[in-house]
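Asks: After the structure tokens below, expect a handful of questions from me.
The values are calculated or read from the model by the stated rules, or taken from the named source; none is laboratory data. Here the structure is a predicted model, which is why all the values come from computation and not from measurement. Heads up, the Cβs are rebuilt from the backbone with ideal geometry, glycines too, and the neighbour counts pull from every protein chain shown. Protein only, heavy atoms only, side chains kept; ligands, DNA and RNA dropped before computing areas. Shrake-Rupley method; radii C 1.70, N 1.55, O 1.52, S 1.80 Å.
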Amino acid sequence: MEVAYDTSIPQHQEALKGLWKLAFPEEELHAIVSEQWKEMGWQGKDPSTDFRGGGFISLENLLYFAKRFPKSFQELLRKQVGDRSVWEYPFAVAGINITFMLIQMLGLEAVNESAFDILYCIAFKLMDHQWLSMRASYMEFNLVTERSVISFKKTRQKVGKYSEATHVLHKQLIEAISESLGLEKSYLEEEIEEGSQVMAVNCYPACPQPGIALGMPPHSDFSSLTILLQSSQGLQIKDKNNNWICVPYIEGALIVQLGDQVEVMSNGIYRSVVHRVTVNKDVNRLSFASLHSLPMNKKISPAPQLVNEDKPAAYGDFSFNDFLEYISRNDLTKQRFIDTVKKNKF
């Protein structure tokens, strides 16, 4: 994060040229120092003078945005969405400011690059939304940034409280599941307290041809439980007859899905939920999934109390880390991870 942009480093120059190609694929860049850069929203003909506090990571953020979300990148670059001001904010300089804003706001000294890149793209979109809602012009850019920070902090606080609440709910549900299996309710207490929680926010845009597309292919979650909040119908689960059943949408209701870890721990008494996400031609759908898992390297296996001569262990053991290694080498749409730890077919 402390790496400054250095025009004397060939890799930095190539990265900057790469950004130009992604932004303006139809227009050749004549030189690394050129008046053309102003078209992207740099203040002068030499972008290196604009990096300052943003550093090289701000260029990496812009590159990620352009590669991962090209449509949104182009819409913001070319100001194609909304009732725009005559005197708009400079795109590239805004991007650098957003990187600096996030680092300062979060007090970061090191980052998970993938997570930070995603956060950056979200922050850029939120800043543009704030700009439009204020009907701002160039001279109000600093004010827009300040209000974006306030809005971002409030959202962060709300998500933090929601995360804490779902952690408590997860603990209570696991205790109930354990007791229903004849185990002590504290069977997984230590593992739950030391485990991981991943908050996944997914947006499924309206699709003109929902009959030939899926928002997410069929799969089961690696976790113990997934607690889901959705903005509209779209989730489907597979029943025992391999039919897809739509999960009704109830405003404010939480959906709880069993994951692979519970299936293994229960020795198959409970099964993880195979599900998929459909899309809608008229509305966008948002989902907030809180995935709860045991610690990274903690092996989960059938509870000894649920294994006997009549019901031998149907699964080998596995950890969250084993799952991550598997998905790095395999296509989950072809085989579920849990199938690889089953000792026999049933």
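Asks: Examine segment 179-200 for a residue that is free of Cβ contacts under 8 Å to residues at least 24 places away in the same chain and under 19 Å from the mean Cα position of the chain (by Cα), and state whether such a residue exists. Steps first, please.
Replies: Going residue by residue through segment 179-200, those that are free of Cβ contacts under 8 Å to residues at least 24 places away in the same chain are 179-180, 184-186, 189-190, 193.
In the following step, the residues that additionally are under 19 Å from the mean Cα position of the chain (by Cα) were identified as none.
The answer is no; no qualifying residue exists.
Asks: So, one more: Any idea how many residues of segment 28-69 are closer than 22 Å to Val3 by Cβ, of a type in the set (D, E, K, R) and not in a helix (DSSP H, G or I)?
Replies: Of the residues in that region, 1 qualify.
Asks: Out of curiosity, is Lys161 under 30 Å from Lys298 (Cα atoms), open to solvent by 90 Å² or more (accessible area, probe 1.4 Å), modelled with pLDDT of 90 or more and not in a helix (DSSP H, G or I)?
Replies: Values: under 30 Å from Lys298 (Cα atoms): yes; open to solvent by 90 Å² or more (accessible area, probe 1.4 Å): yes; modelled with pLDDT of 90 or more: yes; not in a helix (DSSP H, G or I): no.
When the stated conditions are applied, Lys161 does not pass them.
Asks: What is the number of the single condition among (1) over 20 Å from the mean Cα position of the chain (by Cα); (2) among the polar types (S, T, N, Q); (3) in a helix (DSSP H, G or I) that Ser114 does not meet?
Replies: Result: Ser114 fails condition (1) only.
Asks: Here is a follow-up. Name the strands (runs of 3 or more DSSP E) wholly within segment 189-252 that hold at least 3 residues that are loosely packed, with under 15 Cβ neighbours inside 10 Å? Before you say what the answer is, go through the steps one by one.
Replies: Numbers: elements: 196-204, 216-219, 225-230, 235-238, 244-246.
Answer list for segment 189-252: 196-204, 244-246.
Asks: Moving on. Among the residues of segment 47-83 satisfying the criterion of being open to solvent by 50 Å² or more (accessible area, probe 1.4 Å) and charged (D, E, K, R), which is modelled with the lowest pLDDT?
Replies: Arg52
Asks: Name the residue, out of Ser178, Ser151, Ser186, that is among the small types (Gly, Ala, Ser) and outside any helix (DSSP H, G or I).
Replies: On the way: Ser178 fails: outside any helix (DSSP H, G or I); Ser151 fails: outside any helix (DSSP H, G or I).
The conditions single out Ser186.
Asks: Ok, one more. Only one of Gln230, Gln209 is under 18 Å from the mean Cα position of the chain (by Cα) and farther than 21 Å from Ala176 by Cβ. Can you tell me which?
Replies: Working: Gln209 fails: under 18 Å from the mean Cα position of the chain (by Cα).
Just one listed residue meets the conditions, Gln230.
Asks: All but one of (1) open to solvent by 70 Å² or more (accessible area, probe 1.4 Å); (2) part of a loop (DSSP other than H, G, I, E, B) hold for Pro302, so report the exception by its number.
Replies: (1)
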